[in-house]
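To start, the structure under review is shown below, and the notes come after it.
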Amino acid sequence: MKRLGLIGYPLGHSFSKKYYLDKFQREDIRGIDYDLYPLTQITDFPALFHQQPDFIGVNVTIPYKQSVIPYLDQLSLEAQEIGAVNCIRIDQTDPAAPVLHGYNTDAFGFEQSLRPLLDPDPKKALVFGNGGASKAVIFVLRKLGIPYQIVSRTPGSGQLAYPELTPELIAAHRLLINCTPLGTYPNTDACPDIPYSGIGSSHLLYDLIYNPEETLFLTRGKQAGAQIKNGYEMLVLQAERNWQIWMGS
């Protein structure tokens, strides 16, 4: 039995586990399992694959997307630039010396779900949040040549603070991307504190959150006539990319 899994801490509801178990059943994939591995410290990670030579890959979530990197032997180009890993392929050809390859498929999922929504008239973007979730988003915006500014509660150099936002600034940035956890179930009455009056029909609001399906951030955008998109397709696309990596395709 080959093994896949998700490492992080804490691990509650997992999109990944349900997605892959459903995939195995739907596509009649046998001889492989996917489970959750809550690690209270990243130093416990090597024991997983050293003790189980049938371990072929893991997903990585908060808080280990960056701290797992020193344990890896190789990084993909996008993982190097982003500085975060969410997918690891474990080559157990020699169980005594497994080789770990790190990838960032969040960037792939975000890019592939965003591209069809972009019109020929380039949009400037505001990215809400400067945590780990924003790293893959910023990588993609740079790749696509989309000018952006980061908005944060604790802004650094070149970043904006929420009190600096005006309706005019919002109006001038027609791609608004929520990379914060604000609005995630069960706290569905929360949303980024921005002047929503600046949003119009030419805006696109993208929320990395997928639960609930429509966050308050997206609802307020839709009420203003904006196009909206949640993070579900991004998760599905990155999950399928993970599978291709683990299967060597």
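The values are calculated or read from the model by the stated rules, or taken from the named source; none is laboratory data. Just so it is clear, the structure is predicted and the values come from calculations on it, not from any experiment. No Cβ is skipped: glycine too gets one built from the backbone with ideal geometry, and neighbour counts run over all protein chains shown. The protein model used for the area step is the full one, side chains on, heavy atoms only, and it has no ligands, DNA or RNA in it. Shrake-Rupley method; radii C 1.70, N 1.55, O 1.52, S 1.80 Å.
Asp207 - would you say it is open to solvent by less than 30 Å² (accessible area, probe 1.4 Å) and at pLDDT 95 or above? In short, yes. Of everything in the range 21-43 that is part of a loop (DSSP other than H, G, I, E, B) and touching a helix residue (DSSP H, G or I) at 6+ places or on another chain (Cβ under 9 Å), the residue that is most open to solvent (accessible area, probe 1.4 Å) is Arg30.
Restricting Ala171, Ala107 to residues that are among the hydrophobic types (A, V, I, L, M, F, W, C), in contact with a Lys or Arg (Cβ under 9 Å, 6 or more places away or on another chain), assigned to a helix (DSSP H, G or I) and surrounded by 14 or more Cβ atoms within 10 Å (Cβ to Cβ) narrows the list to Ala107.
Going through (1) free of Cβ contacts under 8 Å to residues at least 40 places away in the same chain; (2) more than 30 Å from Ala171 (Cβ to Cβ); (3) open to solvent by less than 50 Å² (accessible area, probe 1.4 Å); (4) not in a loop (DSSP other than H, G, I, E, B) one by one, Asn59 falls short only on (1).
Being β-branched (Val, Ile, Thr) and either buried (at least 17 other Cβ atoms within 10 Å of the Cβ) or within 16 Å of Gln238 (Cα to Cα) (or both): is that true of Thr93 here?
Details: β-branched (Val, Ile, Thr): yes; either buried (at least 17 other Cβ atoms within 10 Å of the Cβ) or within 16 Å of Gln238 (Cα to Cα) (or both): no.
The answer is no for Thr93.
For Phe128, the conditions (1) surrounded by fewer than 22 Cβ atoms within 10 Å (Cβ to Cβ); (2) touching a Leu at 6+ places or on another chain (Cβ under 8 Å) are fulfilled apart from (1). Of all the criteria given as (1) modelled with pLDDT of 95 or more; (2) in a loop (DSSP other than H, G, I, E, B); (3) of a type in the set (S, T, N, Q); (4) loosely packed, with under 12 Cβ neighbours inside 10 Å, the one not satisfied by Ser67 is (4).
Summed over the range 190-229, residues that are over 13 Å from Asn178 (Cβ atoms) and in contact with a helix residue (DSSP H, G or I) (Cβ under 6 Å, 6 or more places away or on another chain) total 3.
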